[in-house]
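Below is one structure, written out as structure tokens; comments come after it.
Any read-out appearing in this document is the output of simple, stated calculations on the displayed coordinates, not a laboratory observation. Values in this document were obtained by computation on a predicted structure and should not be read as measured data. Note that each Cβ is placed from the backbone with ideal geometry, even for glycine, and that neighbours are counted across all protein chains shown.
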Amino acid sequence: MSPSNWTWFHRLASPPYFYRLAGRLAPWFGWAAALGLAAGLYGGLWLAPADYQQGDGFRIIYIHVPSAYLSMMCYMLVAGASAIGLVWRMKLAHAVAVAAAPLGASFTFLALITGSLWGKPMWGTYWVWDARLTSELILLFLYLGFIALHQAYEDPRSGERAGAVLALVGVVNVPIIHYSVVWWSSLHQGSTVFVGSKSDISASMLIPLLTMIAAFTCYFAACLLKRIQAEILEREQNAGWVREMLEQT
Amino acid sequence: MTSLHEFLTMGGYGAYVWPAYIIAAVVMVANAIVPGRRLRRMRAALQRKDAA
């Protein structure tokens, strides 16, 4: 491949370029998230009919599923960025992984707590040690371990590498979470939304759910971009471009 | 939903649905506020350092 094909990648990996790009993109994702959340909540909490089995209790789905989805997507991002950081020693990649991990931990926490509040009226218990719940709890510990490892070393570069290795080893947990309801008998219900085939859910319930998933994703993008900006600023505080930028404002 | 009462009680599931939504709102608002604040503080600190 000719070098010119990679110029966009090198530009994206340049801290000043990414810092400015993130600053410009974050507000758009923020507004998209706000609109999507407003529409999704109205559709999910008011317009959608009660479930024939679960009554109005099913409405927890509109925060539970987007949180669970993002808890796994964010982990893939942390692991992917960690791999790039390890292999190509790219500073920005580690910054992305560090910025994303606390958000992933928050979504994992929300998936667990909303699932628990959903489980009590439907299953009769807040918690069971079944495959889906346990593997999601392990995901939370992986995030916390990643964050702790980062801060455990005197030299931040050692912390970055140790965290990245943990993130990569932990990837094995993501397909386990996803397929746990298929591989083992579980109290947790199976998937209701399928890509490319008909979903087991009526449109009046499905549309708000897809809206909420999109809105949560935009919210995640907005928060992540802001966090990456802060990471870059901290790492590059002595760089010339940071001084120039601060003088301009 | 057909009535405000039904909405507020969530057809008897209010004790589970509303705490779930409130916890999610608290966590998400905190996550939205923290990075912007950290960024502003860092910029201000760097500007002070530059001026000194």
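Side notes on the structure shown:
- Computed packing ranks the peptides A:123-133, A:228-238, A:143-153 as A:228-238, A:143-153, A:123-133, most packed first, by mean other Cβ atoms within 10 Å.
- Summing charges over all other residues whose Cβ lies under 14 Å from the Cβ of A:Gly30, with Lys and Arg as +1 and Asp and Glu as -1, gives +3.
- Average partner coverage of A:120-132, which counts Cβ from other chains inside 10 Å: 1
- Peptide B:20-32 has a mean of 6 when you count, residue by residue, the C-beta atoms of other protein chains within 10 Å of its C-beta.
- Working note: Karplus 6.51/-1.76/1.60 with θ = phi - 60° gives segment A:238-244 the couplings 9, 6, x, 5, 5, 4, 4 Hz, where Gly and Pro are set to x.
- Remark: segment A:34-50, residue by residue, has Karplus-estimated 3J(HN,Hα) of 4, 5, x, 5, 4, 5, x, 5, 4, x, x, 8, 10, 6, 5, x, 5 Hz, where x stands for each Gly or Pro and the curve is 6.51 cos²θ - 1.76 cosθ + 1.60 at θ = phi - 60°.
- The mean of 1/r over all pairs of different alpha-carbon atoms in segment A:126-204, once inverted, gives a Kirkwood hydrodynamic radius of 14.9 Å.
- Segment A:1-128: Rg to Rh, with Rh as the Kirkwood radius over Cα pairs: 1.12
- Two-site FRET efficiency, A:Tyr52 against A:Trp31, from Cβ-Cβ distance with R₀ of 51 Å, rounded to 0.05: 0.90
- Kirkwood hydrodynamic radius over Cα pairs of segment A:56-177, then Stokes diffusion coefficient at 37 °C and 0.692 mPa s, in µm²/s: 221
- Peptide A:217-223 is shielded by partner chain Cβ atoms: per residue, an average of 2 of them sit within 10 Å of its Cβ.
- Both radii come from the Cα set of the protein assembly as shown: Rg as radius of gyration, Rh as Kirkwood radius; their ratio Rg/Rh reads 1.01.
- Centroid-to-centroid separation of segment A:71-117 and segment A:155-216 [C-alpha atoms, Å]: 13
- The label point for B:Ala15 and the one for A:Val182, both projected 7 Å from the Cα toward the Cβ, are 3.8 nm apart.
- Table column - 3J(HN,Hα) (Hz), segment A:183-194, Karplus curve with 6.51, -1.76, 1.60, x for Gly and Pro: 6, 10, 6, 9, 5, 5, 5, x, 5, 10, 10, 10
- When the alpha carbon coordinates of chain B are projected onto the principal axes, the ranges are 62, 17, 9 Å, largest first.
- Kirkwood-type hydrodynamic radius, segment A:25-80: 13.2 Å, calculated from all non-identical alpha-carbon pairs.
- Segment A:1-101, relative contact order in percent, only Cα pairs under 8 angstrom and at least six apart counted: 22
- For A:Ala83 and A:Leu21, the FRET efficiency from 1/(1 + (r/R0)^6), where r spans their Cβ atoms and R0 equals 22 Å, is about 0.50.
- Counting 0.36 nm for each residue step from A:Tyr153 to A:Gln248 and taking away their Cα separation leaves a gain of 30.7 nm.
- Relative contact order computed over chain A (Cα-Cα under 8 Å; 6+ residues apart), in percent: 33
- Two-decimal Rg/Rh across segment A:110-249, once Rg and the Kirkwood Rh are taken from alpha-carbon atoms: 1.09
- Loop-resident chymotrypsin sites (Phe, Trp or Tyr not before Pro) (DSSP state other than H, G, I, E or B) in segment A:30-62 with no more than 10 further Cβ atoms inside 10 Å of their Cβ: A:Tyr52.
- Computed packing ranks the peptides B:38-47, A:165-174 as A:165-174, B:38-47, most packed first, by mean other Cβ atoms within 10 Å.
- Computed extension gain for A:Ser202 through A:Gln189, at 0.36 nm per residue and net of the alpha carbon distance, reaches 3.0 nm.
- Straight-distance candidates among the lysines for linking to A:Lys91, with alpha-carbon spacing under 28 Å and chain neighbours fewer than 8 residues away dropped: A:Lys226, B:Lys49.
- Between B:Val26 and A:Thr125, the distance separating the two model label sites (each 7 Å from Cα on the Cα→Cβ line) works out to 2.6 nm.
- Helix A:203-235 vs. chain A, principal-axis angle (Cα, 0 to 90°, nearest 10): 20
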